[in-house]
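**Q** I'd like to ask you about the structure that follows.
Just so it is clear, none of the values below were taken in a lab; they were calculated from the coordinates. None of the values given here were measured: they were computed from a predicted structure. Please note: Cβ atoms are built from the backbone with ideal geometry, for glycine as well, and neighbour counts cover all protein chains shown.
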């Protein structure tokens, strides 16, 4: 017999399971797969547990936001373009489901390389070994000339990059977010962190022009975000630090201007790894001012096409 005392559990209170609240019920289970099922029907087979219903919830929120003339804004990290989902986002934008796009400098670099050359994303390790990482001449020349033009003409950086691409008529403009957005009249804002992009390494980089053009884009984005209040949707896709911080400052400006009237929108964080700042700024902070927040974890090349199709199917239901 043990020398140590044991807890006496003979007097504990029990209850019937019928009186216990249960978080998982059989009616919430997934339906088994069947061949030939449509995407719309497949969405309905997902378990109504944890993330299961979230994709449909987000899609409905996007469609409802546009029905109410509220903003749907996507902020993107560089990896999003590199996973090949630009055509999905362009389709949503052209169909009127995305009202503005905010990107970091990496997105702009990758997007213009795709538009101009049909390829992007160099081998960093090989480039470091040879001393040629980030030294693509054409990329830097096009980008940095556009930056100076934006500052000179009083334009936003994203606006100028899109215009410059259309003027050049590159062979892959149809898969360029920057070009398609300018053509559609949808603002794309570029939020630059000096020193983070390959174009900053080149001798023609103009820090003053970068600052002026990107600051203008911050103000353009903030004006677009004003229309989130009252049912809009803010999607952060694949940006862990820069854009969540940009979004937070824009939200602060709008709360300063409108107080408690700036509220009631959905913040969604999509990423393959959930990060502190993106969850705080886009989910928790939005909830703290009276909105809703959702975090979904998964690969962009899977989640974004799923979301795009879900939005179109929900819209088709009327």
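**Q** Only Cα pairs under 8 Å and at least 6 apart count here; give the relative contact order of the chain as a rounded whole percent. Spell out each step's value before the answer.
**A** Numbers: 531 pairs, mean separation 66.3, N = 318.
So the answer I get is 21 percent.
**Q** Here's something else I'd like to know. Using a Förster distance of 30 angstrom, determine the FRET efficiency expected from the C-beta separation of residue 40 and residue 121, and round it to 0.05. Write out the running numbers ahead of the final one.
**A** Details: r = 34 Å, r/R0 = 1.13.
Taking R0 as 30 Å, the efficiency between residue 40 and residue 121 is 0.30.
**Q** Mind checking the full-extension length gain between residue 302 and residue 29? Use 0.36 nm per residue of separation minus the Cα-Cα distance, one decimal, nm.
**A** Numbers: separation 273, 0.36 × 273 = 98.28 nm, distance 2.21 nm.
That works out to 96.1 nm of additional length.
**Q** Give the peptides 265-275, 215-225 in descending order of average Cβ contacts within 10 Å, highest first.
**A** Numbers: 265-275: 21.4, 215-225: 19.7.
Order by mean packing, descending: 265-275, 215-225.
**Q** Still on this structure, I have one more. Under a crude label model (7 Å from the Cα following the beta-carbon direction), how far is residue 54 from residue 69 in nanometres?
**A** It works out to 3.3 nm between the two label points.
**Q** Over the Cα atoms, compute the radius of gyration (one decimal) and Dmax (the largest Cα-Cα distance, rounded to a whole number) for the chain, in Å.
**A** 23.3, 88
**Q** Additional query: Quick one: which of 236-249, 290-303 comes out on top by average Cβ neighbours within 10 Å, and what's the full order, highest first? Write down the numbers at each step before the final one.
**A** Details: 236-249: 22.3, 290-303: 16.8.
Ranking the peptides 236-249, 290-303 by packing returns 236-249, 290-303.
**Q** Based on the alpha-carbon gyration tensor of the range 193-318 and its eigenvalue square roots a ≥ b ≥ c, which shape applies: rounded if a/c is under 1.5, prolate if not and a/b is larger than b/c, or oblate?
**A** Details: a/c = 1.88, a/b = 1.30, b/c = 1.45.
Oblate, because a/c is 1.5 or more while a/b does not exceed b/c.
**Q** Could you please state, rounded to a whole Å, how far the C-alpha centre of the range 194-260 is from the C-alpha centre of the range 126-181?
**A** 18
**Q** Still on this structure, I have one more. Separation between the residue 288 and residue 17 pseudo-spin-labels, each 7 Å from Cα along Cα→Cβ, expressed in nm?
**A** Using points 7 Å along Cα→Cβ, the separation is 4.2 nm.
**Q** Something else about it: Could the peptides 16-23, 203-210 be put in order, highest first, of the mean number of other beta-carbon atoms found within 10 Å of their residues?
**A** Ranked from most to least packed, the peptides come out as 203-210, 16-23.
**Q** By how many nm would the segment from residue 215 to residue 260 grow when fully extended, if each residue of separation counts as 0.36 nm and the alpha-carbon distance is taken off?
**A** 13.6 nm
**Q** For the pair residue 169 and residue 193, how long in nm is the line joining their label points, each one 7 Å along Cα→Cβ?
**A** 3.9
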